[in-house]
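Data first, discussion second: the structure below is written as structure tokens.
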Amino acid sequence: MEAVLAPDVKVEPIKPKVGAVVQVDKATFLDKAFIPRCLELIERHTALVFPRLGLTDEEQLAFTDSLGERVNFTDSVPGGDESTKDVYTITLDSVVNTDPEYVFGSMFWHMDGIISDIPPPKFTLLSCHQPPDKGGQTEFASTYAAWDALPDEEKAELEGLRVVHNLVAGLHGVLEPDEINPAKRGMNHEHPLVWTHESGRKSLLIGHHADYIVGMPKPQGRALLARLLEWAGQPEFSCRHTWQTGDFAMWDNTGALHRALPYSEDSGRRMHRTTVAGYEAIA
Ligand code: SIN
């Protein structure tokens, strides 16, 4: 058990380099005084799990707002209503979600918002409203830790490379290119492979959505991206959470990959997601 921040907050790392379970009651969690502690914890562990917190949508939105500006996904995602705008219901239930392909896309390692024109969201927050009867755990991989552990020689080779990310790559295995909305199909987003954050930390900008490396033959670049994704996802840098009703998780989307393990449409899985906007452009 790690040092106790206060008698009412107990922190247990999941792995030395990524993830921590934070035991805290709802009143302490929702108290504004908890925010700076929470930010310290996420800086240190990258992904935090709060078992059985049981947040309502309104409480989750209030917490989201205390971390920064929320990203409004209401127009493009299912499940939101007027009173809980910006809450995205992640489900394969076809009554709620008529566009399941994006949920299937979340079963591959990815960062949120990397293929949009705004800075990548800083934090993603997820509440479990109904756990799946089978599968559907969420995995987190620290791309800070994955970068830090690379040999210096390899770091020198990777710095300066640029990567093109797009939806065609992000939905590879889910949709054929010609099944993707034509307005989005041709959109490419070029980013450095290595993100030097304002804090001085560095992370890898990789994921299923990373299509190719600029200036490198595509097969060679894709092999390198696949290798880096495997590197980041290895057990030393990644952890897994098995959901129970009421569990809440949040992670630093700018230094972590995440994915859901496969689950089926009739698994019952229903998660509510909110997102805090990024404030730091990729550098
Ligand atoms: C997500 O990709 O934002 C959600 C992951 C999950 O459903 O576990």
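The values are calculated or read from the model by the stated rules, or taken from the named source; none is laboratory data. Remember, it's a predicted structure, so these values are computed and weren't measured experimentally. Here the Cβ positions follow ideal geometry from the backbone for every residue, glycine too, while neighbour counts run over all protein chains shown. The protein model used for the area step is the full one, side chains on, heavy atoms only, and it has no ligands, DNA or RNA in it. Shrake-Rupley method; radii C 1.70, N 1.55, O 1.52, S 1.80 Å.
Structure summary
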read-out: In the range 263-282, the residues that are away from the ligand (no atom under 11 Å from the Cβ) and in contact (Cβ under 8 Å) with a residue 60 or more places away in the chain; value: 264, 265, 267, 268, 276, 277, 278, 279, 280, 281, 282
read-out: Yes/no for residue 190 being open to solvent by 60 Å² or more (accessible area, probe 1.4 Å) and under 26 Å from residue 144 (Cβ atoms); value: yes
read-out: Hey, residue 118 within 14 Å of the ligand (Cβ to nearest atom) and modelled with pLDDT under 95 or not; value: no
read-out: Residues located in the range 219-247, provided they are in a helix (DSSP H, G or I) and either surrounded by 19 or more Cβ atoms within 10 Å (Cβ to Cβ) or among the small types (Gly, Ala, Ser) (or both); value: 221, 223, 224, 225, 226, 228, 229, 231, 232, 233
read-out: Matching residues in the range 203-252 - criterion: being over 22 Å from residue 121 (Cα atoms) and among the basic types (Lys, Arg); value: 218, 222, 227
read-out: Residue within the range 124-147 that is over 26 Å from residue 55 (Cα atoms), away from the ligand (no atom under 14 Å from the Cβ), over 16 Å from the mean Cα position of the chain (by Cα) and surrounded by 19 or more Cβ atoms within 10 Å (Cβ to Cβ) present; value: yes
read-out: Residues (among the basic types (Lys, Arg) and in contact with a strand residue (DSSP E or B) (Cβ under 8 Å, 6 or more places away or on another chain)) located in the range 121-154; value: 122
read-out: Verdict on residue 96 being within 23 Å of residue 137 (Cβ to Cβ) and modelled with pLDDT under 90; value: yes
read-out: Selection count, the range 92-128, where residues are more than 18 Å from residue 179 (Cα to Cα) and in contact with an Asp or Glu (Cβ under 9 Å, 6 or more places away or on another chain); value: 13
